[in-house]
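Reviewing the structure listed below.
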Amino acid sequence: MVSPAKPRIAILGAGFISDYHVRGLTAAGDVTIACLVGRDPARTRARAAEFGIEGAATDLDAVLADPAIDGVVVATPDGLHRDHAIAALSRSKAVLLQKPMALDAAQCAEIIAASEASGAPLTVSFMHRYFPEVRWLKRLLQDGTLGRIHSVRIRNATPGADWADWFYSPDNVSGGVVMQLGVHGIDLCGHLFGPIAEVTAGLATARPRRRLADGRVVTTALEDNVVASYTLAGGALVSHEMSYTEIAGCDRFRLELHADKGTVWLRSERGPAAIYAPEITGQDGWVNPPLADETLGAAHHRHWLDIVRGQARPDDSASAGLASILVAEAIYRAAGEGRRVAVADPTPEEHEDR
C-alpha cells in the first residue's frame, strides 16, 4: 500500500493526547490533517478550530469510508482501541494507535490479525523511542560500545492524568499506572535492552481520591505506585518504578544504565543524556553528548508518515505493543500472587483461547 506524497490523516479522539499528534504531524510536514473525529459535536468542532483542522466529524464510519483518507491516528480511550483500530485497518487505512495498545493481550492479537489481513500497516505510538537521547543510546548499544549490560533502572512518574475521568474507571481501562504510564518504560526496556523474561512486582493505591482539573473528584481502586523487577532474556536485571502521584522530580521518565565500560543516565539532573565512560569518551568525567534539537513528536510522526507513504517498512511497534501488555499482565499476576512470574510468549497461539 503506497499513499500520496502528502498523506491525508484523520485523528480519532479530541482529548488531551490529540494535541501531541497534531503538533507532531504539523512539525513533520508534508501532511494534511483532514479531519478530527470525536463524540461530542460542539467539543469536536471547537478542538478542530483550535488546531486549525478544517474537518470535524462524529460519524466515524463515514470518515473511514472516505478513500481520500490515507491514515488514521487512534487516540481514543483505551476501551475503544480494539474496535477503532480494527475498523480503520479493515478499510485499509494505515493506523497509528495510541498506547496502551489495547485492554489485554487477546485484543492486541486481534488488532495485529486485522492488520495482517488487510495489509494496512499498524504502528503503536511509543513516543519515548523518538526522544533524541533515546535514539543516541540506541545507536550506542547497537554498536556494542558499552559492552555487557549489568543492570538498568527506569522510573516513569507524573502527578497523574487530571484531564479526564476515564483514566480511573475499570469500565474504560484495564489498569492504572502500569497501563497508562509504565508501558512506556516497558517498551523502552525491550526496545533498548531486549525482551523481559521474568517479573516480580508490588503495587499500591496511594491516592484513591483524585481531583480533576475541572474540579470533579473521582474515586479509584486502580494502582498508582508500582515497583517491578525484571530479569531480561539476556540475564541483565532491571528495576522499574512507576508512579502516578509524583509531585515533581521526573520528566516523563528517567533511565540509568550500568555496563562493562560505563554508566549512562538519561533525563536526569545531569541533562537529557550523560555518560561516564573514560575508555569510550577519553575523559575522566561525565560527558553530555550532542543531541538534536527538535519539536516534540516531529521525529516520531515523520517516521510514521514514511510508513504511510510506503517509503519505510512497518516497524516492530505492533509486536512490541503486544509484548508490553504481556509484561503488564505479568506484573499484575506477580503482585497478586506474590511470586516471580514468567512473561507469556507473544505468539498468536498463546492468545487464541483467551
Among the residues of the stretch 294-340, which ones are without any contact (Cβ under 8 Å) to a residue 24 or more places away in the chain and under 25 Å from V31 (Cα atoms)? D306, Q311, A312, R313, D316
Just name the residue that is most open to solvent (accessible area, probe 1.4 Å) out of those in the stretch 281-295 that are out of contact with any helix residue (DSSP H, G or I) (no Cβ under 7 Å at 6 or more places or on another chain) and at pLDDT 95 or above. P290
From the option list R155, R148, single residue qualifying as touching a Cys at 6+ places or on another chain (Cβ under 9 Å) and open to solvent by 30 Å² or more (accessible area, probe 1.4 Å) is R155
Just one of (1) open to solvent by 70 Å² or more (accessible area, probe 1.4 Å); (2) in a strand (DSSP E or B); (3) in contact with a Phe, Trp or Tyr (Cβ under 7 Å, 6 or more places away or on another chain) trips up A273, so point out which. (1)
Criterion: open to solvent by 20 Å² or more (accessible area, probe 1.4 Å), touching a residue at least 60 places away in the same chain (Cβ under 8 Å) and of a type outside the set (A, V, I, L, M, F, W, C) - qualifying residue of R135, R139, R82: R135
If you scan the stretch 114-127, which residues turn out to be open to solvent by less than 10 Å² (accessible area, probe 1.4 Å) and either in contact with a His (Cβ under 6 Å, 6 or more places away or on another chain) or of a type in the set (F, W, Y) (or both)? F126
Is at least one residue of the stretch 217-240 of a type in the set (D, E), open to solvent by 40 Å² or more (accessible area, probe 1.4 Å) and either under 19 Å from H150 (Cα atoms) or under 22 Å from the mean Cα position of the chain (by Cα) (or both)? no
Within the stretch 312-325, is there a residue that is farther than 21 Å from E110 by Cβ, open to solvent by 10 Å² or more (accessible area, probe 1.4 Å) and of a type outside the set (G, A, S)? yes
List the number of the failed condition for P195; all other conditions in (1) over 19 Å from M101 (Cα atoms); (2) modelled with pLDDT of 95 or more hold. (1)
State the number of residues belonging to the stretch 246-270 that are aliphatic (A, V, I, L, M), surrounded by fewer than 14 Cβ atoms within 10 Å (Cβ to Cβ) and more than 30 Å from R210 (Cα to Cα). 0
Inside the stretch 160-192, the number of residues satisfying the requirement of being within 21 Å of I149 (Cα to Cα) and either at pLDDT below 95 or of a type in the set (D, E, K, R) (or both) is 1
List every residue pair whose Cβ atoms sit under 6 Å apart, with the two residues 6 or more apart in sequence or on different chains, where the first one lies in the stretch 100-114 and is closer than 13 Å to V124 by Cβ and among the small types (G, A, S) and the second, anywhere, is surrounded by 21 or more Cβ atoms within 10 Å (Cβ to Cβ) and modelled with pLDDT of 95 or more. A102/H81; A102/R82; A102/C108
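The values are calculated or read from the model by the stated rules, or taken from the named source; none is laboratory data. This structure is a prediction, so every number in the text was calculated from the model and none was measured. Virtual Cβ from ideal backbone geometry, glycine too; neighbours counted across all protein chains shown. The accessibility values were calculated without ligands, DNA or RNA, using every heavy atom of the protein model including side chains. Shrake-Rupley method; radii C 1.70, N 1.55, O 1.52, S 1.80 Å.
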